[in-house]
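Asks: Let me begin by handing over the structure; questions about it come next.
Readers should treat all values here as calculations from the given coordinates under stated rules, not as data from a laboratory. Not measured: the values here are computed from a predicted model. Backbone-built Cβ (ideal geometry, glycine too); neighbour counts: all protein chains shown.
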Amino acid sequence: MNITLNDGVVMPQLGFGVFQIPDAETTAAVSTALATGYRSIDTAAIYGNEAGVGTAIAASGIPRDELFVTTKLWISDLGRASARDALRASLDRLGLDHVDLYLIHWPAPATDAYLEAWQGLEDLRADGLTRSIGVSNFEPAHLNRIAGLGGTVPSVNQIELHPLLRNRAAEAAASRHGTVTEAWSPLAQGGALDAAPIVAAARAHGVTAAQVVLRWHLQQGRVVIPKSVTPHRIAENFDVFGFELSAPELAAIDALDADGRTGPHPLTFNG
């Protein structure tokens, strides 16, 4: 299942995330994901595992144009020139000549440097070093300021979003700008899997609670990037297209929203 971004780039709606996977374990995990059928891999410079991702990609034998690779610009590199240096370093570690999506990892609003960095990302896209550009952890005000520059509008905003943190304002702002919402920590680090509506839906459809939550994301139009290093869970998380949640099931999961943020708040996090 694919989704077309606002710049015409086509992105798999279900990808594989590698946050908090040590580089030494990343190659095996990504190799398993690629063998399972994933074609979208999400990493970041700060994760320290781009090299492991690149090794798995090189060993897979999968044609480059069948893969969708995302990485991210860290806070210390926010700036027009520094963004170029940072992406080139990421490409070296990945063993690639371009990525498919490059994101500003956090807005770090104390400096406002994300505005200059965004112009740097526009340069990188124009030079073919990335096919698409977006942001991560941007609140509505941050998105509005990027749009107010009058240039490219982010294709993606990757934010923490799961049944315990619906993050409705950020998702609505993305929709207004034609920006796709991508969910990180889509399973709330397992914190939502024993919620009654999710357990009930899992029983009704003969699937796992994790599969229900991933299906909930997909049916609402989000890109989602579950992470695991366990082969059977990697496969399970990919097997979410053989059932469909009903409107009441979707609404019941939506109602679990409890401001259950697991990561930093974008308004206050500055690295």
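Asks: Of all the residues that make up segment 20-35, how many are buried (at least 16 other Cβ atoms within 10 Å of the Cβ) and assigned to a helix (DSSP H, G or I)? Talk me through it step by step, then tell me what you get.
Replies: In the first step, residues of segment 20-35 are kept if they are buried (at least 16 other Cβ atoms within 10 Å of the Cβ); the result is 21, 23, 26-27, 29-34.
Then keep just the ones that are assigned to a helix (DSSP H, G or I); that gives 23, 26-27, 29-34.
Going through segment 20-35 one residue at a time, the tally reaches 9.
Asks: Right, something else. Those residues that are touching a residue at least 60 places away in the same chain (Cβ under 8 Å), part of a loop (DSSP other than H, G, I, E, B), out of contact with any Asp or Glu (no Cβ under 8 Å at 6 or more places or on another chain) and surrounded by 14 or more Cβ atoms within 10 Å (Cβ to Cβ), I need them from segment 229-244; list them, please.
Replies: Val240
Asks: Could you list, in sequence order, all residues of segment 210-228 that are part of a helix (DSSP H, G or I) and in contact (Cβ under 8 Å) with a residue 60 or more places away in the chain? I'd like the intermediate steps shown before the answer.
Replies: Initial filter on segment 210-228 (part of a helix (DSSP H, G or I)): 210-219.
Passing the criteria: Leu214, Leu218.
Asks: Determine whether segment 64-81 contains at least one residue that is of a type in the set (Asp, Glu) and surrounded by 22 or more Cβ atoms within 10 Å (Cβ to Cβ).
Replies: Restricting attention to segment 64-81, the residues satisfying the condition of being of a type in the set (Asp, Glu) are 65-66, 77.
Checking which are surrounded by 22 or more Cβ atoms within 10 Å (Cβ to Cβ) leaves us with 77.
Checking segment 64-81: at least one residue is of a type in the set (Asp, Glu) and surrounded by 22 or more Cβ atoms within 10 Å (Cβ to Cβ).
Asks: A further question on this structure: What number goes with the only condition from (1) free of Cβ contacts under 8 Å to residues at least 12 places away in the same chain; (2) of a type outside the set (S, T, N, Q); (3) closer than 18 Å to Leu250 by Cβ that Pro197 does not pass?
Replies: Only one criterion is unmet by Pro197, namely (1).
Asks: Sticking with this one: Sort out which residues of segment 36-58 are in contact (Cβ under 8 Å) with a residue 40 or more places away in the chain and in a helix (DSSP H, G or I), and write them in order of number.
Replies: Thr36, Ala45, Ile46, Glu50, Ala51, Val53, Gly54, Thr55
Asks: Can Thr152 be described as over 18 Å from the mean Cα position of the chain (by Cα) and buried (at least 19 other Cβ atoms within 10 Å of the Cβ)? Outline the logic, then answer.
Replies: Values: over 18 Å from the mean Cα position of the chain (by Cα): yes; buried (at least 19 other Cβ atoms within 10 Å of the Cβ): yes.
Yes: the conditions hold for Thr152.
Asks: Could you check segment 78-113 and list, in sequence order, the residues that are among the charged types (D, E, K, R) and part of a helix (DSSP H, G or I)? Talk me through it step by step, then tell me what you get.
Replies: Restricting attention to segment 78-113, the residues satisfying the condition of being among the charged types (D, E, K, R) are 80, 84-85, 88, 92-93, 97, 100, 112.
Residues satisfying the conditions are Arg80, Arg84, Asp85, Arg88, Asp92, Arg93.
Asks: Give segment 245-263 a look and list any residue that's in contact (Cβ under 8 Å) with a residue 60 or more places away in the chain, in a loop (DSSP other than H, G, I, E, B), surrounded by 12 or more Cβ atoms within 10 Å (Cβ to Cβ) and not polar (S, T, N, Q), or say none. It would help to see each step written out before you state the result.
Replies: From segment 245-263, those in contact (Cβ under 8 Å) with a residue 60 or more places away in the chain are 253-254, 256-263; that's our starting set.
Subset that is in a loop (DSSP other than H, G, I, E, B): 256-263.
Within this subset, residues satisfying the condition of being surrounded by 12 or more Cβ atoms within 10 Å (Cβ to Cβ) are 256-258, 260-263.
Result: Leu256, Asp257, Ala258, Gly260, Arg261, Gly263.
Asks: How many residues does segment 59-77 contain that are part of a helix (DSSP H, G or I) and among the hydroxyl-bearing types (Ser, Thr, Tyr)? Step through it out loud before you land on a result.
Replies: Taking segment 59-77 first, the residues part of a helix (DSSP H, G or I) are 59-60, 64-66, 75-77.
Within this subset, residues satisfying the condition of being among the hydroxyl-bearing types (Ser, Thr, Tyr) are 60, 76.
Residues flagged as part of a helix (DSSP H, G or I) and among the hydroxyl-bearing types (Ser, Thr, Tyr) within segment 59-77 amount to 2.
Asks: If you don't mind, another one. Consider segment 138-159. How many of its residues are in contact (Cβ under 8 Å) with a residue 60 or more places away in the chain and more than 19 Å from Met11 (Cα to Cα)?
Replies: 3
Asks: Just need a number here: residues in segment 161-179 that are in contact with a Ser or Thr (Cβ under 7 Å, 6 or more places away or on another chain) and surrounded by fewer than 22 Cβ atoms within 10 Å (Cβ to Cβ).
Replies: Counting residues in segment 161-179 that are in contact with a Ser or Thr (Cβ under 7 Å, 6 or more places away or on another chain) and surrounded by fewer than 22 Cβ atoms within 10 Å (Cβ to Cβ) gives 1.
Asks: Does segment 201-221 hold any residues that are touching a helix residue (DSSP H, G or I) at 6+ places or on another chain (Cβ under 8 Å), within 16 Å of Ala247 (Cα to Cα) and not aromatic (Phe, Trp, Tyr), and which are they?
Replies: Correct list: Ala201, Ala202, Ala204, His205, Val212, Val213, Leu214, Gln219, Gln220.
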